[in-house]
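To start, the structure under review is shown below, and the notes come after it.
No value in this document is a laboratory result; all are computed from the given coordinates. This one's a predicted model, so the numbers in the text were calculated from it and none came from an experiment. Cβ atoms come from the backbone with ideal geometry, glycine included; neighbour counts cover every protein chain shown.
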């Protein structure tokens, strides 16, 4: 399993310096730990996330996460699954009710995100890092949405320009800044 993950990360071409450094750290973690795809690792967990754009590519879908007490993009733990695209699809469905196909099967971004210590299901989880692989999805913003009340307080579409507001999780703001730059560079972003 880890060999597929290693190969996928090795093939990814970083967009900026943050991704170059994070790619090095992610590969070192894969080479160091045997349990990188499970939550058994006390230092880091692999996760997969999704940036979901509307068809006009002017808005993105965010969920209000209870642990972060702020708005974030959908995503979740690999939980033993090495196909992180499948994880991203599963998390999109679980967190939004949408069954979507990605814009591309290729990784759209990578990052190392700190997670503060927190209580989940009555159990304390120590601070750790999420090594997150991001995919790009597109959806009709008129489709019916639903969210998991055990993890979220809400779900909404917001203009991409608002993704760096104080309402967003601290770790997500720089990710969205990078996403917007990458969308503009690849001419995937339609400015209103």
- Relative contact order [Cα under 8 Å, 6+ residues apart], region 2-185, whole percent: 26 percent
- Task: Only bridges with both residues in region 2-185 count here: give the DSSP antiparallel percent, nearest 5.
- Result: 70 percent
- Task: Could you tell me which of rounded, prolate or oblate describes region 79-188, using a ≥ b ≥ c as the square roots of the eigenvalues of the alpha-carbon gyration tensor, with rounded for a/c under 1.5 and, failing that, prolate when a/b is larger than b/c and oblate otherwise?
- Result: rounded
- Note on the structure: Under the 7 Å Cα-to-Cβ spin-label approximation, residue 66 and residue 126 lie apart by a distance in nanometres of 2.5 nm
- Mean-position separation - Cα centroids, region 109-137 and region 29-48, in angstrom: 11 Å
